[in-house]
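The values are calculated or read from the model by the stated rules, or taken from the named source; none is laboratory data. These figures come from a predicted structure and were not determined experimentally. Cβ sites come from the backbone with ideal geometry, for glycine too, and all protein chains shown count toward neighbours. Surface accessibility is based on the protein's heavy atoms, side chains included, excluding ligands, DNA and RNA. Shrake-Rupley method; radii C 1.70, N 1.55, O 1.52, S 1.80 Å.
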Amino acid sequence: RFAARRVARIVPGLFVCLLVTTVVAVGFFSTFGWAGLFESAPWRYIFGNTVLHGLVYHIPPDHLRIAGVRGGQPLNGPLWTLYWEGRMYVMVALIGLAAALPLRAWMRGVALFLLLAANIYPEVVSGYVWETRMWSLFLTGVVLQTMAPDVRIGWRHVACALALVLLNWTRSADQTPSPLTWFGIALVAVTLALCAGSMRLPGWASHIQRHDYSYGIYIWHWPVIVMLREVPPPMGPKRLTVVSLAVVIPLAMMSWHLV
């Protein structure tokens with residue numbers, strides 16, 4: 001059931017996105033036009049990415065782009081993280097199958113152990129499934145998920161995160177080019193996100209809580225942006241952002257509800 005749900009969560013929306021964006025890109029933004037759809041490269045790109053390249057560690061560069069489309073530049077750059085996500089889900093399945101305690105307690109304990117191992121001894125756990133930075137984020141998410149029934153993040157926690165950032169403000173300004181560090185930004189941003197996710201919101205906001213459009217935004221935003229940049233007249237960053245959102249958000253919503 002776990003494997004089926006992960007496949008259903010990732011693959012159908014990804015396939016539709018790859019199919020639509022590749023057809024449009026080949027038809028309008030390639031050197032060979034619509035005739036390029038009769039070549040093997042676009043379909044290898046679509047199906048190879050749909051199955052996450054079998055989660056192999058090394059993916060040939062020509063499998064991640066289509067020659068002649070956008071001058072050989074990536075059509076959907078962020079997809080590389082999906083291959084890592086797939087490996088992480090394999091690890092979660094193996095950890096779950098190896099459970100020796102009630103599952104929630106087991107997952108929490110193993111996630112904490114692996115989180116420490118990844119950061120203290122990164123060379124020991126390197127290889128096919130491991131990349132310390134991304135695994136640290138993923139394992140933190142696992143820990144939070146196991147705590148979800150008992151934990152509610154509110155404005156008090158946001159205030160504590162802000163206080164910690166402010167306490168380190170002058171030191172960070174002295175040690176780095178900016179008083180803000182990546183840790184500080186992540187701490188405040190994640191605490192705000194968890195606070196918003198824990199709140200009981202009315203109307204349209206509760207609709208956003210019930211329906212997850214984040215994955216659709218993730219898979220659609222890059223190809224939409226790069227193709228909009230090719231359409232005259234040229235757009236500045238602000239206008240490009242507004243127009244991209246106007247296109248991407250409806251696509252993400254349709255992906256969630258219809259695909």
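Accessible area per residue for region 1-79 in Å², computed with a 1.4 Å probe and the full protein assembly in place, what is it? Kindly include the intermediate steps, with their values, before the conclusion.
Working: 4180 Å² over 79 residues.
Each residue of region 1-79 exposes 53 Å² on average to a 1.4 Å probe.
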Quiz prompt | Between region 75-148 and region 1-44, the alpha-carbon center distance in angstrom | solution = 28
Quiz prompt | Residue-averaged [θ]222 nm for the chain, counting only DSSP H segments that reach four residues, each worth -39500 (n - 2.57) | solution = -22000 deg cm²/dmol
Practice problem: Could you calculate the contour length gain from His157 to Val188, that is, 0.36 nm times the residue separation minus the distance between their Cα atoms, to one decimal place in nm? | Solution: 10.2 nm
Quiz prompt | Along principal axes, Cα extents of region 60-211, largest first, whole Å | solution = 51, 47, 43
Quiz item: Counting Lys +1, Arg +1, Asp -1, Glu -1, what net charge surrounds Cys195 among other residues with beta carbon under 13 Å of its beta carbon?
Solution: +3
Practice problem: Apply the Kirkwood formula to the chain: the hydrodynamic radius equals the inverse of the mean of 1/r over all pairs of different alpha-carbon atoms; give it in Å with one decimal. | Solution: 21.3
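With r defined as the distance between the Cβ atoms of Ala98 and Ser214 and R0 fixed at 25 Å, what FRET efficiency is calculated, to the nearest 0.05?
Working: r = 30 Å, r/R0 = 1.19.
Efficiency, rounded to the nearest 0.05: 0.25.
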Quiz item: Is any residue of region 188-203 close enough, with backbone N under 20 Å, to a label point placed 7 angstrom from the Cα of Thr241 along the Cα-Cβ axis, and if so, which?
Solution: 188-190, 192-193
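Considering only protein heavy atoms and a 1.4 Å probe, what is the carbon-and-sulfur percentage of the accessible area of region 8-85? Show your work: numbers first, answer last.
Numbers: 2630 of 3750 Å².
On region 8-85, the fraction of accessible area on carbon and sulfur atoms equals 70 percent.
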